[in-house]
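Structure, as structure tokens:
Any read-out appearing in this document is the output of simple, stated calculations on the displayed coordinates, not a laboratory observation. Predicted model, so just to flag it, every value in this text is computed and none were measured. We place every Cβ from the backbone using ideal geometry, glycine too, and count neighbours over all the protein chains shown.
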Amino acid sequence: MKPTKVPPTPTPAPGGEHVVGSHGVSGLVIARDKTTFAVGEKAFFTYEALNHTKDPVGFELLGLKASNGLFNTSWVNPDVILPGVPFRYDDGLTFNTRGTYQVVLAICFARCGEDDADWEEFPYGAATITVR
């Protein structure tokens with residue numbers, strides 16, 4: 001009797017996943033060209049917000065937020081994320097310190113300039129990069 005050949009374990013795809021947040025939206029960030037950067041080099045990302053509800057979800061502002069607190073506003077006009085239609089955009093951040101960073105999509109749904117602003121971040125959809 002011949003031994004059964006076991007297929008190789010599939011390699012998981014890098015990056016995060018869409019996990020629905022409290023507004024019915026999920027967010028995902030993918031490092032666009034590479035995941036390792038030099039200090040001072042702009043790291044480019046593609047982000048995607050996806051509406052899992054049946055109705056449009058309005059927002060006022062969205063952008064990329066890094067684990068060191070760095071934030072870049074990508075979209076500042078009130079808009080909507082349509083059901084089932086990915087809201088995609090490319091943007092970047094420049095890191096001036098070596099390290100490993102998580103970059104998430106952050107969306108402000110209401111009252112963005114106020115202390116009680118309605119922000120949501122999507123940590124399960126984070127991209128991880130290294131700056132050397």
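Just one residue in the set 114, 120 is over 13 Å from residue 30 (Cα atoms), part of a strand (DSSP E or B) and among the acidic types (Asp, Glu); that residue is 120. Among the residues of the stretch 66-111, write down those that are closer than 15 Å to residue 31 by Cβ and in contact with a Lys or Arg (Cβ under 6 Å, 6 or more places away or on another chain). If the condition is that a residue be closer than 15 Å to residue 31 by Cβ and in contact with a Lys or Arg (Cβ under 6 Å, 6 or more places away or on another chain), then 92, 94, 104 are the ones that fit. One residue alone among 87, 109 is under 15 Å from residue 62 (Cβ atoms), surrounded by 15 or more Cβ atoms within 10 Å (Cβ to Cβ), among the aromatic types (Phe, Trp, Tyr) and touching a Leu at 6+ places or on another chain (Cβ under 8 Å), and that residue is 87.
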